[in-house]
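*Asks:* What follows is a structure written as structure tokens; I'll ask about it next.
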Amino acid sequence: MSKQQTPTFQETAASYLDDTQLRRNIGHATQTIRGKRKGVVQEMPDWEALREAGRALKTKTMRHLDDYLLQLEESVQEAGGTVHWARDAEEANRIIVDLVKQEQVKEAVKVKSITTDEIGLNKALAAEGIQALETDLAELIVQLAEDEPSHILVPAIHKNRAEIKALFKEKLDADELTDRPEDLAEAARLYLRKKFLNAKVGISGANFGVAETGTVSVVESEGNGRMCTTLPDTLITLMGIEKVVPKWKDLEVFMQLLPRSATAERMNPYNSFWTGTTENDGPQNFHLVLLDNGRTKVLADEMGRQTLNCIRCSACLNVCPVYERTGGHAYHSVYPGPIGAILTPQLKGLEDEGAASLPYASSLCGACYEVCPVKINIPEVLVHLRGKVIDKKKKEGSLRDKLEPEHVGMKILSRAFSNAKRYERAQKIARTGQGLFARDGMISSLPGYLSKWTSTRDLKAIPDQTFREWWRQRDE
Amino acid sequence: MNISLFITCFNDTLYPNTGKAMVKVLERLGHSVIFPFEQTCCGQMHYNTGYQEETIPLVRKFVDVFKDAEAVVAPSASCVGMVKEFYPQVAQRAQDPQLAKAVDDLLPRVFELSQFLVDELGVEDVGAYYPHRVTYHPTCHSLRMLEVGDAPLRLLRNVEGIDLVELPDAEECCGFGGTFAVKNADTSVAMMGDKIKNIKSTDAEVCTAADNSCLMHIGGGLHRQRGGVEAVHLAEILASTEEQPL
């Protein structure tokens, strides 16, 4: 990820909240999918056991990640593939760009992959005159619109049919287009089919890499991924190191958890698994690029490491009341929503102001944890990261940071609360202090920090008698 | 039973009537209650905002105040959630095994009011009378952290005269979220707007919940809009009787 500072969630959320079309599109889409998910999860009698199995498998894998990665490397090589190791985005981009250049092509077809977005691969390829063509329908929409994905699984969730029709008419020269989903898909199909048949290089991400067998897998809904992983001569797969699973049979658990959580389907439509290369069948050159890019740093944090268990189903996005209202772009990361709010700050580091704002982009309602198929306790990690943000502020913050009303207030209240006498004194001061603002037991306008409350809500005023004063009186 | 009240700083200062109501209900059921004056705050606001070092003295204080209690009962699901979910982590952060042990020892004796009444005392009818149309908002921490289930609803269903109506999309967060309500005020209010829309669709006079913090947010929004719906803590409804109505 780039070292440039990204804007904070707080700064930009308002503009997304004001976008009525976006609110409608995302609200409708997330409500629909979460209703469906609930249905297909409730019909599974062993769902909780499956979640626990998923969590346990991932935890075990992370505990021995080094061993499994070396085993994966060996298995892939044995099956005829080549394995590359990339420390960071720059290194991964260099490896992939060089591999594509070796094939002397100007175009590569891509399977939907957030990991390639994480490293900014399309840009890196473009800088060398190579066009990376997104073939997932939604990714294609986003690419044609020169937009950014706003959802892990449904990158164009923020766009509706009418917007897509207008885009295709302009960019795909499809004059006679209606906004029926079938027609829109057909227009994309006609455009993409030619590209697939001429492609020499395919680029993909990976959902799973099996250490035991060297099998790599992509799970998708449209079949474009299958085209990309079978038609070109050369296939390059970028895989985050956390995507390794120990054994083939482990997939039994994840292949049940993933589709129900992601698209609310009982079984995923296109599941591609390949093991190295096979003579005269499919790609003859297979390269697996294993990416760290901050992941080992996440692994080192005892509390934070559960973030790496994520299988990118995006169920947490679909149930998140914050995501539902702001959409994905407010997170300024390829990983939006609750999982993004814990993954992005850990990958990017808290030096980035935008990333450091993300752990606060949550009301800690816990809906994400409830649906997570591998039981990542997202609220717990959010709070843990908030602790790190504040620890950092205390250590390295400027004088201005330390004079922020919240920072000062927290310090004062901590002291007041640790002693009952001081606490009672603070209650009295607050009651006297509110005098100017309270009317009929309510406050409708306050200055400074608390104006953020009173600009939209009235605030209950402190009544004349606290509970403890009442109790004292009652005792007498 | 001898019940130690943990009123919480929030209710002590802003909502004393909720504390008084809890006293009334527990005494009506024949229990004796005590209020240890040394209590202050559970530390949730500090902990959840990231001021975790500052939480340590508050956890020590809580444990010290309540360590010998037979049962500690609080009219706040989120404060009890803080105690039950995060106190062990605070003790770990303090690197104090003695504190960790004291926390482990105390936790099973700390209860949220509705859970205490229904699950511990096995009481669903507390003899309340409240002739109003009421809708119940299950707060996130009561629902997903403490898992109080339908304990508050069981209690409400047994209130005489009540007209209890179901809240659409009840399990969605109201947008309070502690300092989130100020830090991310725009998003918080967008969430509140939908909650209020759902509350108003029920035609209720009163919206109730197991947490005054969420109710302060919802109630503050309703009051600003002159919405004609009041936010009232569950304990106050349970305390109300025909002789002494709320």
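The values are calculated or read from the model by the stated rules, or taken from the named source; none is laboratory data. A quick note: this is a predicted structure, and the numbers were derived from the prediction, not measured. Counting neighbours? That spans all protein chains shown, and the Cβs are built from the backbone with ideal geometry, glycine included.
*Asks:* Test of understanding: among A:195, A:159, which residue is part of a helix (DSSP H, G or I) and either of a type in the set (D, E, K, R) or touching a Lys or Arg at 6+ places or on another chain (Cβ under 6 Å) (or both)?
*Replies:* Values: A:159 fails: part of a helix (DSSP H, G or I).
Being part of a helix (DSSP H, G or I) and either of a type in the set (D, E, K, R) or touching a Lys or Arg at 6+ places or on another chain (Cβ under 6 Å) (or both) holds for just one of A:195, A:159, which is A:195.
*Asks:* Between a residue in the stretch A:399-418 that is in a helix (DSSP H, G or I) and any residue that is of a type in the set (S, T, N, Q), which pairs come within a Cβ distance under 6 Å, given they are 6 or more apart or on different chains?
*Replies:* Cβ pairs passing all conditions: A:417/B:40.
*Asks:* Go through (1) closer than 19 Å to residue B:79 by Cα; (2) more than 15 Å from the chain's Cα centre (by Cα); (3) of a type in the set (Gly, Ala, Ser) and name the single condition residue B:210 misses.
*Replies:* (2)
*Asks:* Given the criterion under 22 Å from residue A:274 (Cα atoms), touching a His at 6+ places or on another chain (Cβ under 6 Å) and hydrophobic (A, V, I, L, M, F, W, C), identify the matching residue among A:114, A:95.
*Replies:* Numbers: A:114 fails: touching a His at 6+ places or on another chain (Cβ under 6 Å).
Testing whether each residue is under 22 Å from residue A:274 (Cα atoms), touching a His at 6+ places or on another chain (Cβ under 6 Å) and hydrophobic (A, V, I, L, M, F, W, C) leaves just A:95.
*Asks:* Hey, can you tell me all the residues within the stretch B:225-246 that are within 14 Å of chain A (Cβ to nearest Cβ), touching a strand residue (DSSP E or B) at 6+ places or on another chain (Cβ under 9 Å) and surrounded by fewer than 21 Cβ atoms within 10 Å (Cβ to Cβ)?
*Replies:* B:230
*Asks:* Condition first: under 14 Å from the mean Cα position of the chain (by Cα) and among the hydrophobic types (A, V, I, L, M, F, W, C). Can you find one or more residues in the stretch A:300-309 that meet it?
*Replies:* Yes, the stretch A:300-309 has at least one match.
*Asks:* Among the numbered conditions (1) of a type in the set (Gly, Ala, Ser); (2) within 9 Å of chain B (Cβ to nearest Cβ); (3) farther than 30 Å from residue A:35 by Cβ, tell me where residue A:367 comes up short.
*Replies:* Of (1) of a type in the set (Gly, Ala, Ser); (2) within 9 Å of chain B (Cβ to nearest Cβ); (3) farther than 30 Å from residue A:35 by Cβ, only one is false for residue A:367: (3).
*Asks:* Out of all the residues in the stretch A:412-430, which are facing chain B (nearest Cβ under 8 Å), closer than 15 Å to residue B:14 by Cα and of a type outside the set (Gly, Ala, Ser)?
*Replies:* Scanning the stretch A:412-430 gives A:423, A:427.
*Asks:* Among the residues of the stretch B:193-210, what is the count of those that are surrounded by fewer than 24 Cβ atoms within 10 Å (Cβ to Cβ) and either at the interface with chain A (Cβ under 9 Å from one of its Cβ atoms) or not aliphatic (A, V, I, L, M) (or both)?
*Replies:* Residues that pass the stated criteria total 9.
*Asks:* Follow-up question, since we're still on this one. Is there a residue in the stretch A:371-384 that is within 8 Å of another protein chain (Cβ to nearest Cβ), more than 19 Å from residue A:299 (Cα to Cα) and not polar (S, T, N, Q)?
*Replies:* The answer is no; no qualifying residue exists.
*Asks:* Tell me yes or no: at least one residue of the stretch B:61-75 is at the interface with chain A (Cβ under 8 Å from one of its Cβ atoms) and buried (at least 18 other Cβ atoms within 10 Å of the Cβ).
*Replies:* yes
*Asks:* In the stretch B:43-59, which residues are facing chain A (nearest Cβ under 8 Å) and surrounded by fewer than 24 Cβ atoms within 10 Å (Cβ to Cβ)?
*Replies:* Residues satisfying the conditions are B:52, B:53, B:54, B:57.
*Asks:* Then there's this: Evaluate the stretch B:211-218: report whether one residue or more is within 9 Å of chain A (Cβ to nearest Cβ) and among the hydroxyl-bearing types (Ser, Thr, Tyr).
*Replies:* Scanning the stretch B:211-218, I find no residue that is within 9 Å of chain A (Cβ to nearest Cβ) and among the hydroxyl-bearing types (Ser, Thr, Tyr), so the answer is no.
Yes/no per residue for (1) in a helix (DSSP H, G or I); (2) more than 7 Å from every other protein chain (Cβ to nearest Cβ); (3) without any contact (Cβ under 8 Å) to a residue 24 or more places away in the chain; (4) buried (at least 19 other Cβ atoms within 10 Å of the Cβ):
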{"position": "A:363", "(1), (2), (3), (4)": "no, no, no, yes"}
{"position": "A:390", "(1), (2), (3), (4)": "yes, no, yes, yes"}
{"position": "A:446", "(1), (2), (3), (4)": "no, yes, yes, no"}
{"position": "A:463", "(1), (2), (3), (4)": "no, no, yes, no"}
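*Asks:* Considering the stretch A:76-129 alone, what residues qualify as being part of a helix (DSSP H, G or I) and among the basic types (Lys, Arg)?
*Replies:* Step one: filter the stretch A:76-129 for residues part of a helix (DSSP H, G or I), giving A:76-78, A:89-102, A:114-118, A:121-126.
Across the stretch A:76-129, the qualifying residues are A:94, A:101, A:123.
*Asks:* Of everything in the stretch B:1-42, what is touching a residue at least 12 places away in the same chain (Cβ under 8 Å), at the interface with another protein chain (Cβ under 8 Å from one of its Cβ atoms) and in a loop (DSSP other than H, G, I, E, B)? Give them in sequence order.
*Replies:* B:7, B:15, B:35, B:38, B:39, B:40, B:41
*Asks:* Still on this model: Do we find that residue B:160 is within 14 Å of chain A (Cβ to nearest Cβ) and either under 30 Å from residue B:109 (Cα atoms) or at pLDDT 95 or above (or both) in this structure? Explain how you work it out, then say what you get.
*Replies:* On the way: within 14 Å of chain A (Cβ to nearest Cβ): no; either under 30 Å from residue B:109 (Cα atoms) or at pLDDT 95 or above (or both): yes.
It is false that residue B:160 is within 14 Å of chain A (Cβ to nearest Cβ) and either under 30 Å from residue B:109 (Cα atoms) or at pLDDT 95 or above (or both).
*Asks:* Continuing with the same structure: For residue A:457, indicate whether it is buried (at least 16 other Cβ atoms within 10 Å of the Cβ), in contact (Cβ under 8 Å) with a residue 12 or more places away in the chain and at the interface with chain B (Cβ under 7 Å from one of its Cβ atoms).
*Replies:* Working: buried (at least 16 other Cβ atoms within 10 Å of the Cβ): yes; in contact (Cβ under 8 Å) with a residue 12 or more places away in the chain: no; at the interface with chain B (Cβ under 7 Å from one of its Cβ atoms): yes.
So residue A:457 fails the test.
*Asks:* Name, by its number, the condition in (1) within 14 Å of chain A (Cβ to nearest Cβ); (2) under 25 Å from residue B:85 (Cβ atoms) that does not hold for residue B:185.
*Replies:* Result: residue B:185 fails condition (2) only.
*Asks:* Return the total of residues in the stretch A:327-361 being facing chain B (nearest Cβ under 9 Å) and under 14 Å from the mean Cα position of the chain (by Cα).
*Replies:* 3
*Asks:* Could you list all residues from the stretch B:43-56 that are in a helix (DSSP H, G or I) and touching a helix residue (DSSP H, G or I) at 6+ places or on another chain (Cβ under 7 Å)?
*Replies:* B:44, B:46, B:47, B:48, B:49, B:55, B:56
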